[in-house]
């Protein structure tokens, strides 16, 4: 992987991690078009996913600081309950990652036509948010777990994590701003956990397939694009325009099926 490829894929990861268009699906399509293998370049995958986590932390730094103080407070409070709901929502994807990660990679990765089909499915999910009820409900432990199941399903390339989790919350009648923030915060620990697991496995050992400069380029481009996309997505959801991405996913999905 050269620096130009790292720049392009970093931007793709940063933008699509937060926009409801599937970052894993776009990376799969990107590696097909650029003829590069991200599974052979696991260091790059760790770097760009770490960059998007960092952009999330930067955007929600004040909220994360408040939640941290509440969680470690002696007294039970609303903030500590919120953190427990976030942790509860991570159970499905954690179980899936621990017990079925190898099967998921063998079944779904490296298959651009599968990605195309899943993007079309994502477009349907997003389009149906127009029928979602008005947001009035608070996020409960039950709804947090259901949203967590949606996040687990989104490990399939082409199914948007943010799109499916936010849509699920909207279908259940949660407030747009609340479910968007919850969706972005609930992915921090799973990504960090997956990255740490890869590092412990020796996945970050440098090899000749990617240079240090390419890694830095990918990290920086993913971080900057992630900052932009995270803030943009918050604005989009508050205005109720998430379903506009349905057409984009439909077009990309059809192109993937026809051309790849």
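The values are calculated or read from the model by the stated rules, or taken from the named source; none is laboratory data. Here the structure is a predicted model, which means the values were calculated and not measured. No Cβ is skipped: glycine too gets one built from the backbone with ideal geometry, and neighbour counts run over all protein chains shown.
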>> I'm checking my understanding of the structure. Among residues of the stretch 1-10 that are surrounded by fewer than 22 Cβ atoms within 10 Å (Cβ to Cβ) and modelled with pLDDT of 85 or more, which one is farthest from residue 118 (Cα to Cα)?
In response: 3
>> Just to confirm my filter: which helices (runs of 4 or more DSSP H) fall fully inside the stretch 1-82 and include at least 2 residues that are farther than 27 Å from residue 123 by Cα?
In response: 3-16, 42-59, 61-71
>> Yes or no: the stretch 148-161 includes at least one residue that is within 18 Å of residue 46 (Cα to Cα), in a helix (DSSP H, G or I) and under 12 Å from the mean Cα position of the chain (by Cα).
In response: yes
>> Restricting to the stretch 160-181, give me the number of residues that are crowded, with 23+ Cβ neighbours inside 10 Å and touching a residue at least 24 places away in the same chain (Cβ under 8 Å).
In response: 12
> Would you pick out the residues in the stretch 232-243 that are in a helix (DSSP H, G or I) and in contact with a helix residue (DSSP H, G or I) (Cβ under 8 Å, 6 or more places away or on another chain)?
Replying inline: 233, 234, 236, 237, 238, 242, 243
> So which of 219, 223, 204, 182 is touching a strand residue (DSSP E or B) at 6+ places or on another chain (Cβ under 9 Å) and either in a loop (DSSP other than H, G, I, E, B) or modelled with pLDDT of 90 or more (or both)?
Replying inline: 182
>> Checking the conditions here, which among 94, 79, 110 is modelled with pLDDT under 90, at positive phi and in contact with a helix residue (DSSP H, G or I) (Cβ under 9 Å, 6 or more places away or on another chain)?
In response: 110
>> Quick check on the stretch 189-200. Is at least one of its residues surrounded by 15 or more Cβ atoms within 10 Å (Cβ to Cβ) and at pLDDT 90 or above?
In response: no
> Of the residues 25, 30, which single one is under 18 Å from the mean Cα position of the chain (by Cα), without any contact (Cβ under 8 Å) to a residue 40 or more places away in the chain, crowded, with 18+ Cβ neighbours inside 10 Å and under 21 Å from residue 156 (Cα atoms)?
Replying inline: 30
